[in-house]
Amino acid sequence: MAGRNLQNRNSVTKWKKSNENEIKCNTNVSFDIHNNLPRAGMLIRTDRGDFIGGQARFLNNVPSSFVVEIMDVREALSWLKNNFFNSYVVIETDNQLVHQTLE
């Protein structure tokens, strides 16, 4: 599990390319606390930054943004396993607690 941009939240973060022959999956979620509507998504790129695929979805009955983040990473891993079985994959999340939990 990679989390290269988690150290300094005040700095501007940029997407960094992965190592040669790696696929990078960035996950991200939003959670509208007023309407209790979580949204989750992922974006897959090659080591050259070329777009491979992605997903975005609405989720229902999820108690917190942390659970949405965990569900998003789980869904990403499942999707990647089914579609990129023979590839080395780097997962990135912007949630430090999720990163630490999954280490």
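The values are calculated or read from the model by the stated rules, or taken from the named source; none is laboratory data. All values reported here derive from a predicted model rather than from experimental measurement. FYI the Cβ positions are ideal-geometry reconstructions off the backbone, even for glycines, and counts take in every protein chain you see.
Count, please, the residues in region 31-43 that happen to be modelled with pLDDT under 85 and either among the small types (Gly, Ala, Ser) or crowded, with 16+ Cβ neighbours inside 10 Å (or both).
Residues in region 31-43 being modelled with pLDDT under 85 and either among the small types (Gly, Ala, Ser) or crowded, with 16+ Cβ neighbours inside 10 Å (or both): 1 in total.
So which residues in region 45-103 are closer than 17 Å to GLU22 by Cβ and among the aromatic types (Phe, Trp, Tyr), if there are any at all?
Within region 45-103, PHE51, TRP79, PHE84, PHE85, TYR88 meet the criteria.
Mind listing just one residue for me: the one in region 72-103 that is assigned to a loop (DSSP other than H, G, I, E, B) and aromatic (Phe, Trp, Tyr) and, of those, surrounded by the fewest Cβ atoms within 10 Å (Cβ to Cβ)?
Going through the qualifying residues, I end up with PHE85.
With the checklist (1) out of contact with any Phe, Trp or Tyr (no Cβ under 6 Å at 6 or more places or on another chain); (2) modelled with pLDDT of 85 or more; (3) not hydroxyl-bearing (Ser, Thr, Tyr) in hand, flag the one item TRP15 doesn't pass.
(2)
Having 1 or more residues that are charged (D, E, K, R) and under 25 Å from TYR88 (Cβ atoms) is the bar; report the strands (runs of 3 or more DSSP E) wholly within region 11-65 that clear it.
The qualifying strands (runs of 3 or more DSSP E) are 22-32, 37-45.
Just wondering, is there one or more residues in region 59-71 that are touching an Asp or Glu at 6+ places or on another chain (Cβ under 6 Å), in contact (Cβ under 8 Å) with a residue 12 or more places away in the chain and surrounded by 12 or more Cβ atoms within 10 Å (Cβ to Cβ)?
no
Report every pair of residues separated by at least 6 positions or lying on different chains whose Cβ atoms are under 6 Å apart, first residue within region 77-90 and under 13 Å from LYS24 (Cα atoms) and of a type in the set (A, V, I, L, M), second at pLDDT below 85 and in a loop (DSSP other than H, G, I, E, B).
VAL90/SER18
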